[in-house]
1. Return the Rg/Rh ratio of the stretch 55-169 with Cα-based radii and a Kirkwood Rh.
2. Considering the chain as a Gaussian network with a 10 Å cut-off on Cα pairs, which listed residue, I147, I135, I312, attains the greatest mean-square fluctuation?
3. For the stretch 95-147, what is the per residue volume of the convex hull drawn over the alpha-carbon atoms, in cubic angstrom?
4. Give the accessible surface of the chain per residue, rounded to a whole number of Å², with probe radius 1.4 Å and ligands, DNA and RNA excluded.
5. Using only the alpha carbon atoms of the stretch 275-329, find the Kirkwood hydrodynamic radius as the inverse mean reciprocal pair distance, in angstroms to one decimal.
6. Can you pull the percent of the chain's accessible area that's carbon plus sulfur, 1.4 Å probe, other chains left in place?
7. Using the Karplus equation 6.51 cos²θ - 1.76 cosθ + 1.60 (θ = phi - 60°), what ³J(HN,Hα) coupling, rounded to whole Hz, does each residue of the stretch 313-327 give in order, writing x for Gly and Pro?
8. Please report, to one decimal in angstroms, the Kirkwood hydrodynamic radius of the stretch 160-214 built from all distinct Cα-Cα pairs.
Amino acid sequence: MPTNNYFSQEFFAQQPRIFLAPMEGLLDFELRQILCSVSTYDAIFTPFVRISNNVLPDYVYTKMAPELLMDAKNRPKLIVQLLGSHAKLLAENAFNLSQLSPDGIDLNFGCPSPTVNRHGGGAELLKNPDLIFEICQQVRRSVPQNISVSAKIRLGVENTKSALLCSQAVISADLNFLTIHARTKMEMYQKIIHYDVIAEIAEKFADFPIIANGEIWSLEDAKNCQNIAKTPHLMLGRGAVSNPLLICDIKNLQNFDAENKNAWQKIVDLLSLYAFKVRKRLNSQQTAGRIKLWLKYLSKNFYQAADLYQQIMQIKYFEDFPREISKNF
């Protein structure tokens, strides 16, 4: 395994490591900034950049991840995720991306989207461990050793029988770490979860860093996942968006009281700051849409968010939102 980069064995020896997941259509640049302002994630992942039939210009990556234009000392550790099924083309794009100095490059073998799978990408690749190995190997060889290369998989397509083979394909290619979403492609985002299968992989490859992902909404969920999956390292996705304070709970190992008024005031401040940042990039109607989307997730943990969402769901323009959200303008 490569050792002369940030995500080394020594890095994972300090436990646990908490990553922010790539979330297509939800975790934009501004929301990543907001969530990272609450507490430090050990790394953040961008939504995937699709690689289909050409080598992409730099602006595609910097548009998806403006963090690449920031001084690396002033940003969280940044991992850009690529999605595709052509090993040579992915390797060529990964090399070009590496020149922009991300901290890591991740390969998506887990997206369950029918559109993505129809073109042979994402979770569809779980049918072909040999191709997964080829992709991982070629990308690892194309990228300088100081930049990590990792992969994210699901446990299979219709069942979990291929999980071990797909994991072995990644690990055999000398990558830095593997993130496993504890569902199959067909299970999408159902309540079904298979931390026990992750445990089998973690125990089989005990010296290789495994990150567990899926259905982590609370501190109790995080502990349950760590105990059953036999890995301390977690990736937070929808749980982090619905409760930005979850990272604090996990790192401090303390229960979070959603009824606490100070907690809700912190969320309101984050919402207002998010609106301020998004409005610089998007028009009024688009900004309103982004705020509504986040509020729907926040409603899972905060009754005040549900109430606020009901107030604004029919409001079309951001300028017409309640003052508590638009107070920075």
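The values are calculated or read from the model by the stated rules, or taken from the named source; none is laboratory data. Nothing here was measured: the structure is a model prediction, and the numbers come from that model. Neighbour counts run over all protein chains shown; Cβ positions are idealised from the backbone, glycine included. Just the protein is used for accessible areas: all its heavy atoms, side chains included, with ligands, DNA and RNA removed. Shrake-Rupley method; radii C 1.70, N 1.55, O 1.52, S 1.80 Å.
1. Working: Rg = 14.4 Å, Rh = 14.6 Å.
So for the stretch 55-169, dividing Rg by the Kirkwood Rh gives 0.99.
2. Evaluated over the chain, the most mobile residue of the options is I312.
3. It is 86 Å³ per residue.
4. On the way: 14320 Å² over 329 residues.
Accessible area per residue: 44 Å².
5. Details: mean 1/r = 0.0897 Å⁻¹.
Kirkwood radius, the stretch 275-329: 11.2 Å.
6. Details: 6940 of 14320 Å².
Using a 1.4 Å probe with all protein chains present, the chain comes out at 48 percent carbon and sulfur.
7. My calculation for the stretch 313-327 gives 4, 9, 7, 8, 10, 4, 4, 8, 6, x, 4, 4, 8, 9, 5 Hz in order.
8. Working: mean 1/r = 0.0867 Å⁻¹.
Final number for the Kirkwood radius of the stretch 160-214 is 11.5 Å.
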